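Shown next, in structure tokens, is the structure this report addresses.
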Amino acid sequence: MKMNETDLRLALRYAGVKDPDHSPFQLMLQAMESELEAAIASKSTWRVFQIVKQADQIRLEPGGLILPGKMASTMLADCDQVILAAGTLGHGFDRQSSLFQAQNDPAKALLFDAAGSALIERVLDELEENLHALPEFQNLYFTDRFSCGYGDLPIALQKAIGQLLNLPLRCGITVLDSYMMAPTKSITALIGVSQNPQPARIRGCGYCSLNKSCTYRKKGTTCHGE
Ligand code: SF4
């Protein structure tokens, strides 16, 4: 998997580089391209669930998974379905990362890890783009992608999502008792599916297609409480 310009900038930001365009770390990261390509074997998977709303709870069917809290109820307020999605860079990335750490090269280890964080986001971005192009999602709208651990959505749901998506078999991902995942560069996410255009609650107003006509902003507020 090759890093593009966006991945590169995001990776430098994750690594804490303040001025990416004038940083020696940019060249260092570019020089790691072949190591990244050799180490990454990305996989992703997804499954659609129906949303059943009962009182203040959201239940997903099939499976009966309850999504408690304000985060899920806000993000999915206008949705009939939710896509559970997951992706990983694979175990090879972790092996190469351990090698860099063992070589006592902290700068390289840090940049490699940051590149992995940027690239796993791209795996999910590409999955989302591909999903959007499927006939069953034509003329429907996706919410921002969100994950367990965001806001008040419990990280503990990660276990159940792992089971519903059959992650060990489909992606080689194990959800550990700590709710972290192995391989480390793995993500699970939820994407609401709606009949109506959805605000960019997580990415912010600058990304939102409703920006020009937004009634929240006209009233001096936002849909995400800022
Ligand atoms: S406040 Fe308006 S413009 Fe900003 S994210 Fe919400 S709907 Fe979009």
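The values are calculated or read from the model by the stated rules, or taken from the named source; none is laboratory data. Keep in mind it's a predicted model, so treat the numbers as computed, not measured. Note: ideal-geometry Cβ built from the backbone for every residue, glycine included; neighbour counts use all protein chains shown. With ligands, DNA and RNA removed, areas are computed over all heavy atoms of the protein, side chains included. Shrake-Rupley method; radii C 1.70, N 1.55, O 1.52, S 1.80 Å.
One table, with the values for the structure above:
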| read-out | value |
| --- | --- |
| Failed item, numbered, when Ile155 is tested on (1) part of a loop (DSSP other than H, G, I, E, B); (2) under 22 Å from Asp80 (Cα atoms); (3) more than 14 Å from the ligand (Cβ to nearest atom); (4) of a type in the set (A, V, I, L, M) | (2) |
| Filter result (under 15 Å from Ala41 (Cα atoms), open to solvent by 40 Å² or more (accessible area, probe 1.4 Å) and either in contact with a strand residue (DSSP E or B) (Cβ under 9 Å, 6 or more places away or on another chain) or not in a helix (DSSP H, G or I) (or both)) within segment 89-121 | His91, Glu121 |
| Scan of segment 210-226 for residues that are of a type in the set (Ser, Thr, Tyr) and either surrounded by 12 or more Cβ atoms within 10 Å (Cβ to Cβ) or near the ligand (Cβ under 6 Å from one of its atoms) (or both), ordered by number | Tyr216, Thr221, Thr222 |
| Long-range neighbours under 7 Å by Cβ, at least six apart or interchain, first residue of a type in the set (S, T, N, Q) and in a loop (DSSP other than H, G, I, E, B) within segment 203-226, second open to solvent by less than 100 Å² (accessible area, probe 1.4 Å) and more than 8 Å from the ligand (Cβ to nearest atom) | Ser209/Pro197 |
| Segment 134-145, subset under 22 Å from the mean Cα position of the chain (by Cα) and open to solvent by 70 Å² or more (accessible area, probe 1.4 Å), residue nearest to Ala72 (Cα to Cα) | Tyr141 |
| Residues of segment 78-109 classified as modelled with pLDDT of 95 or more and hydrophobic (A, V, I, L, M, F, W, C), total | 8 |
